[in-house]
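As structure tokens, the structure follows; a few thoughts come after it.
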Amino acid sequence: MNFGGNFSKTRITINFQHINTNKHGWQWVLDELNQLVVFGTYPGIIDHSMPDKQVKLNELTVDYLYQDILALENLRHPSAFKKLLRALALQVGSQVSVNEIAGLTGITRPTVEHYLDLLEKTFVIFRLPSFSKNLRNEIRKNHKYYFYDNGILNALMGNFSMVTNRPETGVLWENFCISERIKLHSYKQTGVVNLYFWRTYDGAEIDLLEETGGKLKVFEFKWNSRRKVTLPDSFSSTYHVRKLEVISPKTAHLLLQ
């Protein structure tokens, strides 16, 4: 992957599979899961103490997002760029409207689209399109945006509290799991895998769909393993999918499969 710019500090996060195979082992992952969801998996940060992680993530956010990218593109409105990043962080897991972000940040729609494209190309964020083929009430054109690293996400939120003490725990876990799936496919070089979310106008939804060779694999991500989740009947009957992978901290190993 070519990130461009000044990347003497490695920008690529490492994933579960790498940690499990080459670094600490799976038991360490389970023991440190709360911290991984908060501080992410950047090399040079993952092994530091909690206070040092906060300092280094704030430095990384300033150096990389607010300096390297701004300098790389010669962006003329740094304050607007920062507003957009924070708006994205606060809307993770939600359907994002370019017009709404433009209104929130005071940036024109073309500029918002340019910034989003830039953040995707520099592997800060990725977009998840909606999956729609058959049902009339499926949401068709919307997107969700997620961050490749939870540490950067929490730095932009300005909150490094542990996930058990936060109202957005579910969103952080969802971001972490979906980014892990993307990194896993890259790590294993699994070929073409199309990723989507699915939602209908009456509220039925699935967090993540993976389409490979015409076959669908579907996931829900729940931090609270006691919450029961079932596959929406409308989706199951239309797309002939019977299995839903529900990923909680207790079943995090399924992220590697």
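With respect to (1) of a type in the set (Asp, Glu); (2) more than 20 Å from the chain's Cα centre (by Cα); (3) modelled with pLDDT of 75 or more; (4) surrounded by fewer than 18 Cβ atoms within 10 Å (Cβ to Cβ), the lone exception for GLU73 is condition (3). So which residues in the stretch 44-54 are surrounded by 13 or more Cβ atoms within 10 Å (Cβ to Cβ) and not in a helix (DSSP H, G or I), if there are any at all? Passing the criteria: ILE45, ILE46, HIS48.
I'm trying to understand the selection: among the residues of the stretch 213-223, which are without any contact (Cβ under 8 Å) to a residue 40 or more places away in the chain and out of contact with any His (no Cβ under 9 Å at 6 or more places or on another chain)? Steps first, answer last, please.
So the first thing to find is which residues in the stretch 213-223 are without any contact (Cβ under 8 Å) to a residue 40 or more places away in the chain, and the list is 213-218, 220.
Matches in the stretch 213-223: GLY213, GLY214, LYS215, LYS217, VAL218, GLU220.
Here LEU57 clears all of (1) assigned to a loop (DSSP other than H, G, I, E, B); (2) at pLDDT 75 or above; (3) over 19 Å from LEU256 (Cβ atoms) except the condition numbered (1).
Considering each residue of the stretch 76-98, count those that are of a type in the set (S, T, N, Q), outside any strand (DSSP E or B) and at pLDDT 90 or above, and give that number. Explain how you work it out, then say what you get.
Step one: filter the stretch 76-98 for residues of a type in the set (S, T, N, Q), giving 79, 91, 94-95, 97.
Right, trim to outside any strand (DSSP E or B) and you get 79, 91, 94, 97.
Those left that are additionally at pLDDT 90 or above: 91, 94.
So the count comes out to 2.
List every residue pair whose Cβ atoms lie under 9 Å apart, where the two residues are 6 or more positions apart in sequence or sit on different chains, the first residue falls within the stretch 238-253 and is free of Cβ contacts under 8 Å to residues at least 24 places away in the same chain, and the second residue, located anywhere, is part of a helix (DSSP H, G or I). Between residues of the stretch 238-253 that are free of Cβ contacts under 8 Å to residues at least 24 places away in the same chain and residues that are part of a helix (DSSP H, G or I), the close pairs are ARG242/SER236. Inclusion of ASN34 among residues that are closer than 15 Å to CYS177 by Cα, at pLDDT 60 or above and surrounded by 19 or more Cβ atoms within 10 Å (Cβ to Cβ) is not warranted.
When the stretch 95-112 is filtered for residues that are more than 27 Å from LEU208 (Cα to Cα) and among the charged types (D, E, K, R), only ARG109 remains. The residue that is farthest from PHE123 (Cα to Cα), among those in the stretch 188-205 that are touching a residue at least 40 places away in the same chain (Cβ under 8 Å) and surrounded by 16 or more Cβ atoms within 10 Å (Cβ to Cβ), is THR200. So in the stretch 112-131, with the set limited to residues that are without any contact (Cβ under 8 Å) to a residue 60 or more places away in the chain and in contact with an Asp or Glu (Cβ under 8 Å, 6 or more places away or on another chain), which one is farthest from ASN194 (Cα to Cα)? Among those that are without any contact (Cβ under 8 Å) to a residue 60 or more places away in the chain and in contact with an Asp or Glu (Cβ under 8 Å, 6 or more places away or on another chain), it is LEU118. Is there a residue in the stretch 102-111 that is without any contact (Cβ under 8 Å) to a residue 40 or more places away in the chain, of a type in the set (Ser, Thr, Tyr) and loosely packed, with under 15 Cβ neighbours inside 10 Å? Taking every residue of the stretch 102-111 in turn, at least one turns out to be without any contact (Cβ under 8 Å) to a residue 40 or more places away in the chain, of a type in the set (Ser, Thr, Tyr) and loosely packed, with under 15 Cβ neighbours inside 10 Å.
The values are calculated or read from the model by the stated rules, or taken from the named source; none is laboratory data. What you are looking at is a predicted structure, and each value in this text was computed from that prediction instead of being measured. Cβ sites come from the backbone with ideal geometry, for glycine too, and all protein chains shown count toward neighbours.
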